[in-house]
Amino acid sequence: MTLRMASFVADQPASRVIFGAGSLGRVAEEVERLGATRAMVLSTPEQRGQAEDVARRLGGRSAGVYAEAVMHVPVETARAAREEARRLHADCCVAVGGGSTVGLGKAIALESALPILAIPTTYAGSEMTPIYGLTEAGVKKTGRARKVLPRTVIYDPELTLSLPPGISGTSAMNAIAHCVEALYAYDGNPIISLIAAEGIRALARSIPVVVREPGNLGARSEALYGAWLGGTALGNSSMGLHHKLCHTLGGAFNLPHAEVHTVILPHATAYNRDAAPEAMREIADALGARDAAEGIYDLAVEIQAPVSLRELGMPEEGIERAARLATEFPYRNPRGVDYDSLVALIGQAWHGVRPS
Ligand code: NAD
């Protein structure tokens, strides 16, 4: 038997991670460890209460709460937040929330290089990536910069107990999508594949329990661990057709982020079925399913998540436009991308049929 290891490059910037129920209690010492004395605490308006709790825990090291984060980081929001950071003489950002809040911290860090301490409360995984996004006049642009990667991440599953079951389910599917695409990314590597497969395993095991029993702290912990792995997978490999379609559909039809990921993932996976057989085996194994795409679809059904673009409010006559937009600047993908195949894929996702 000939055994051969493929050549690869692994260049993984790391963050300090504090994981576990109650770990929020360490936020003050972690800010101190960053050498910061004036932390600006970020959140969405809905999570202002959690941000104020963090500010109280920081005591004299809090410079104030800025609860203005919104989805997709509009440039106006980023500009206002940077001005506030300057006005407060902030020397660190503490982001308490999901991808929208962490994204606002990244927009500040991009220009100021302020260190970020992230306290994620969803499973989106942005806290583990050097990827930032900014939206100008309705168009979202993303980029990568090491200085936006949070220096410290506190994963406290107690903060996720308030995440409603529906959002928990789709947010977890978003994390699974990061793992799936890392497994067939052209620039992946064996270490990231291990992380991605373990991420799918942890999320698939925990999320049905989280949706049934949102107060189950053990399941919440495991889901948050899976989210950490999903973010790591995303941050260390390139995205393929699945993420491209989600960005296109989200932007063109103003569809909700995590829900679009949930609907598209089984179909993007089926699309790549024959072009990435090794990844498919690993995904199916991690799900405990016969087939990767079917297993993902069945998981979405089990957690009562949306399975069709129709349910999300996308007009059926938008299918061709979406296919055209997604073929304009395609991301590198195991199977080549062409207009007719994408019309078929998006059509299946619009109807919500089980991929076979
Ligand atoms: P979100 O941050 O927009 O949060 C959704 C809503 O849930 C908000 O109202 C928020 O306040 C609320 N919420 C969050 N946690 C809660 C909790 N524990 N309890 C109660 N309410 C809670 O949603 P998201 O899915 O985490 O983030 C989506 C955004 O993140 C998108 O813009 C996406 O593009 C971006 N994203 C970026 C990356 C990256 O690497 N840059 C990765 C994933 C997602």
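The values are calculated or read from the model by the stated rules, or taken from the named source; none is laboratory data. Just so it is clear, the model here is predicted, and its values are computed rather than measured. Because the Cβ atoms are built from the backbone with ideal geometry, glycine has one as well, and the counts that use them run over all protein chains shown. For the accessible areas, the whole protein counts, side chains as well, though only heavy atoms, and no ligand, DNA or RNA atoms are used. Shrake-Rupley method; radii C 1.70, N 1.55, O 1.52, S 1.80 Å.
Scanning segment 54-88 for residues that are free of Cβ contacts under 8 Å to residues at least 40 places away in the same chain, under 20 Å from Glu30 (Cβ atoms) and either within 16 Å of the ligand (Cβ to nearest atom) or surrounded by 18 or more Cβ atoms within 10 Å (Cβ to Cβ) (or both) yields Ala55, Leu58, Arg61, Ser62, Ala63, Val65, Tyr66. Just give me the residues in segment 94-119 being near the ligand (Cβ under 9 Å from one of its atoms), in a helix (DSSP H, G or I) and farther than 10 Å from Lys147 by Cα, in sequence order. Residues satisfying the conditions are Gly99, Ser100, Thr101, Val102, Gly103.
Taken residue by residue, segment 215-230 has no member that is open to solvent by less than 10 Å² (accessible area, probe 1.4 Å), assigned to a loop (DSSP other than H, G, I, E, B) and within 16 Å of the ligand (Cβ to nearest atom). Residues in segment 297-324 that are open to solvent by 60 Å² or more (accessible area, probe 1.4 Å) and either under 22 Å from Arg273 (Cα atoms) or assigned to a helix (DSSP H, G or I) (or both): Asp298, Val301, Glu302, Glu316, Glu317, Glu320, Arg321, Arg324. Open to solvent by 10 Å² or more (accessible area, probe 1.4 Å), free of Cβ contacts under 8 Å to residues at least 12 places away in the same chain and out of contact with any Lys or Arg (no Cβ under 8 Å at 6 or more places or on another chain): does that describe Glu198? Answer is no for this residue.
Applying a threshold of 7 Å to beta carbon distances and a minimum spacing of six or more residues, or different chains, the list of pairs starting in segment 135-151 at a residue that is under 12 Å from Pro115 (Cβ atoms) and ending at one that is in a strand (DSSP E or B) reads Val148/Tyr132; Pro150/Ile116; Pro150/Leu117; Pro150/Ala118; Arg151/Arg16; Arg151/Ile116; Arg151/Leu117. The set of residues in segment 64-89 being more than 22 Å from Asn174 (Cα to Cα), outside any helix (DSSP H, G or I) and touching a Phe, Trp or Tyr at 6+ places or on another chain (Cβ under 9 Å) consists of Leu88 alone. Among the residues making up segment 64-89, those that are under 22 Å from the mean Cα position of the chain (by Cα) and on the phi > 0 side of the Ramachandran plot are His72, Val73.
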